[in-house]
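These notes are about the structure you will find just below.
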Amino acid sequence: MNQAQRKQLSNEWLEEATIFQMQEKMEGSELTSEDLVLMYLEAIAEKNSLVNAVLEVNPKALQIAQALDDERSESGPRSILHGLPILLKDNIETADELHTSAGSLALAKHYATNDATIVEKLRNAGAVILGKANMTEWANFMSDKMTNGFSSRGGQVINPYGPFDVGGSSSGSASAIASNLAAAAIGTETSGSILNPAAQNGLVGLKPTVGSVSRAGIIPLSHTQDTAGPMTRTVEDTLHLFSAIVGQDKRDPITQKSRVFKDKVWRDCLDVHALQGKRIGVARAIFNQEMSAERAELFERQLAVLKELGAEIIDPVDIGCVEDELGYDVLTYEFKADLNSYLANTNATNPIRSLSDVIHFNNLHPNETLKFGQIMLERSELTSGTLTEKEYIQALTNNRYLAGEIGLGKSLDDLKLDALVFPQDHGCSIGAAAGFPSITVPAGFTQVGEPFGLTFSSRAWSEPMLISMAYAFEQKVNARRKPTFTIQ
């Protein structure tokens, strides 16, 4: 394909093309993986300066694509992801020429020695790792004053829809996919870091059950809450990406529970009738006081759509706790222990071996690294790093009790609910503390053009049902629209 043809295809087709549509064209010999990589590299060159979403591109991406094209011609595609360019959040390890830094200048020269398990899975499925996406530094656990999407290594990520919050901390992954700089992206979440930027950028974002996706090879924040998940433009694309990364991994023991998905036929989740007869709860106390009148109206409009699609709305539902009761104590204690373990096992050439080293590096380079301070890093450093403190055990027990036993879990069971629905990412910290899954899907825009999302949350291991419900809703409202880049 020549440059003029690529440009025409990029302008007229690629921007909202789905993974299935890309695969169709490659199977029909109308397009190659090499063409796709070139089109996305051209898009990054043209638009990334507007959004600052992509930190770096894989210098071998084009050659990898060429090899995958050759493989396709000889033996066919490995999976529906064969030849598709994927971006990764900058806290996900790749054993190639890409850095893994969590957005921090302290790790700006760090090369990982191994692929994260999910990267191995993506490569085995035939995906092309296109590059690393910018993110809120240290997964938004550096300073309580830091703006969403800022990192000392990459600067500020911008929302392509306008002068709106880009969301955190998978900000670059969200902005990049909304801006069509890759076919799809992987983000990570500890508490809202997939759901929030997905909602803010008009995307689908799936925060899986803790244990369904391996965290091995991902710079950690909290071992009890961290998970990785897909960020895409459609529910179907999210399904394809999630089905490629889900599964057991000996390096992450909690993933043994993901055997519940063994032999799952994921395409069965694409059911436009999935909301028929579902009981869906509305926990208004979680969000009523925090939402504008305009967003409240948008939410009510989408509740009416759910009813139209056959759902029974149970409104209101008392889930027994509010997000403020959970706090950040668990994360404060776990961050030091988890990060110290991670850094101690990085490449021997990496001089940053502990949280203390990170803090020291930042203090030596304050102009470049301490625009917002590092109070949360310093608070975590004051803990022992051994997780033996009584305060930590109490906070962990309290959060799991509030979120699971008397919060989401109890409400779902007692009222025989299939799911709860929230505007934007409200309620995300409760699901995060319980380790439960959620999915955000585009649901509209405010009058000034800010994206608005709807989030479905349910029990552990309910991803197939959540994906199905999100798909049925998406197909009815068709709310996503591409950004016009009226950035101020």
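Could you tell me which numbered condition Q447 fails, if it satisfies all but one of (1) touching a Gly at 6+ places or on another chain (Cβ under 9 Å); (2) more than 18 Å from K207 (Cα to Cα)?
(1)
For region 311-343: of the residues being more than 26 Å from the chain's Cα centre (by Cα) and hydrophobic (A, V, I, L, M, F, W, C), which is surrounded by the most Cβ atoms within 10 Å (Cβ to Cβ)?
At the first step, the residues of region 311-343 found to be more than 26 Å from the chain's Cα centre (by Cα) are 311-318, 320.
If we keep only those that are hydrophobic (A, V, I, L, M, F, W, C) too, we end up with 311, 313-314, 317.
Numbers: A311: 23, I313: 15, I314: 16, V317: 21.
So the residue we want is A311.
Hey, among the residues in region 441-477 that are over 15 Å from L306 (Cβ atoms) and among the polar types (S, T, N, Q), which one's surrounded by the fewest Cβ atoms within 10 Å (Cβ to Cβ)?
Step by step, filter region 441-477, then rank; the result is Q447.
Quick check on region 300-322: of everything there that is of a type in the set (D, E, K, R) and in a loop (DSSP other than H, G, I, E, B), which residue is modelled with the highest pLDDT? Please lay out each step first, then the result.
Going through region 300-322, the residues of a type in the set (D, E, K, R) turn out to be 300-301, 307-308, 312, 315, 318.
Next, only the ones that are in a loop (DSSP other than H, G, I, E, B) stay: 315, 318.
On the way: D315: 96, D318: 89.
The residue in question is D315.
Across region 243-286, what is the number of residues that are over 21 Å from the mean Cα position of the chain (by Cα) and either hydrophobic (A, V, I, L, M, F, W, C) or in a strand (DSSP E or B) (or both)?
12
List every residue pair whose Cβ atoms lie under 9 Å apart, where the two residues are 6 or more positions apart in sequence or sit on different chains, the first residue falls within region 140-164 and is over 20 Å from S380 (Cα atoms), and the second residue, located anywhere, is of a type in the set (A, V, I, L, M) and at pLDDT below 95.
So the pair list comes out as I158/I487; N159/I487; P160/I487; Y161/I487; G162/I487; P163/I487.
Restricting region 226-244 to residues that are touching a Ser or Thr at 6+ places or on another chain (Cβ under 8 Å) and small (G, A, S), which is farthest from G83 (Cα to Cα)?
A228
Quick check: anything in region 142-149 touching a Cys at 6+ places or on another chain (Cβ under 6 Å), modelled with pLDDT of 95 or more and in a loop (DSSP other than H, G, I, E, B)? Quick ask: steps written out before the conclusion?
Let us first name the residues in region 142-149 that are touching a Cys at 6+ places or on another chain (Cβ under 6 Å), namely none.
No; the residues of region 142-149 include none that is touching a Cys at 6+ places or on another chain (Cβ under 6 Å), modelled with pLDDT of 95 or more and in a loop (DSSP other than H, G, I, E, B).
Cβ-Cβ under 9 Å, sequence separation 6+ or interchain: first residue in region 74-89 and in the same structural domain as Q63 (by TED's automatic domain parsing) and touching a residue at least 24 places away in the same chain (Cβ under 8 Å), partner surrounded by fewer than 21 Cβ atoms within 10 Å (Cβ to Cβ) and among the hydroxyl-bearing types (S, T, Y). Which pairs?
G83/T32
Is it the case, given these coordinates, that E97 is outside any loop (DSSP other than H, G, I, E, B) and either at negative phi or not assigned by TED's automatic domain parsing to the domain that holds I177 (or both)?
Details: outside any loop (DSSP other than H, G, I, E, B): no; either at negative phi or not assigned by TED's automatic domain parsing to the domain that holds I177 (or both): yes.
So E97 fails the test.
Does I129 qualify as being at pLDDT 95 or above, part of a helix (DSSP H, G or I) and over 17 Å from V358 (Cβ atoms)?
Values: at pLDDT 95 or above: yes; part of a helix (DSSP H, G or I): no; over 17 Å from V358 (Cβ atoms): yes.
So I129 fails the test.
Filter region 10-65 for residues that are more than 22 Å from the chain's Cα centre (by Cα), part of a helix (DSSP H, G or I) and among the charged types (D, E, K, R); which is farthest from G167 (Cα to Cα)?
E27
Tally up the residues in region 43-74 that are over 24 Å from F150 (Cα atoms) and either surrounded by fewer than 21 Cβ atoms within 10 Å (Cβ to Cβ) or charged (D, E, K, R) (or both), please.
Kept after step one, since they are over 24 Å from F150 (Cα atoms), are these residues of region 43-74: 59-74.
In the following step, the residues that additionally are either surrounded by fewer than 21 Cβ atoms within 10 Å (Cβ to Cβ) or charged (D, E, K, R) (or both) were identified as 59-60, 62-63, 66-67, 69-74.
Within region 43-74, residues that are over 24 Å from F150 (Cα atoms) and either surrounded by fewer than 21 Cβ atoms within 10 Å (Cβ to Cβ) or charged (D, E, K, R) (or both) number 12.
Can you find a residue in region 117-134 that is under 28 Å from R251 (Cβ atoms), among the acidic types (D, E) and surrounded by fewer than 24 Cβ atoms within 10 Å (Cβ to Cβ)?
The initial filter retains those residues of region 117-134 that are under 28 Å from R251 (Cβ atoms), namely 117-134.
The next check asks that each one be among the acidic types (D, E); those that pass are 120.
When the remaining residues are screened for being surrounded by fewer than 24 Cβ atoms within 10 Å (Cβ to Cβ), the result is 120.
Among the residues of region 117-134, at least one is under 28 Å from R251 (Cβ atoms), among the acidic types (D, E) and surrounded by fewer than 24 Cβ atoms within 10 Å (Cβ to Cβ), which makes the answer yes.
Name the single residue that is surrounded by the fewest Cβ atoms within 10 Å (Cβ to Cβ) among those in region 18-37 being in contact (Cβ under 8 Å) with a residue 12 or more places away in the chain and either over 23 Å from A244 (Cβ atoms) or out of contact with any helix residue (DSSP H, G or I) (no Cβ under 8 Å at 6 or more places or on another chain) (or both).
Within region 18-37, the subset in contact (Cβ under 8 Å) with a residue 12 or more places away in the chain is 18-20, 22-23, 26-27, 31-37.
This time we only want the ones that are either over 23 Å from A244 (Cβ atoms) or out of contact with any helix residue (DSSP H, G or I) (no Cβ under 8 Å at 6 or more places or on another chain) (or both), so: 23, 27.
Values: Q23: 21, E27: 13.
Filtering region 18-37 for residues that are in contact (Cβ under 8 Å) with a residue 12 or more places away in the chain and either over 23 Å from A244 (Cβ atoms) or out of contact with any helix residue (DSSP H, G or I) (no Cβ under 8 Å at 6 or more places or on another chain) (or both), the one surrounded by the fewest Cβ atoms within 10 Å (Cβ to Cβ) comes out as E27.
The values are calculated or read from the model by the stated rules, or taken from the named source; none is laboratory data. Bear in mind that the values here come from a model prediction, so they are computed numbers and not experimental data. Backbone-built Cβ (ideal geometry, glycine too); neighbour counts: all protein chains shown.
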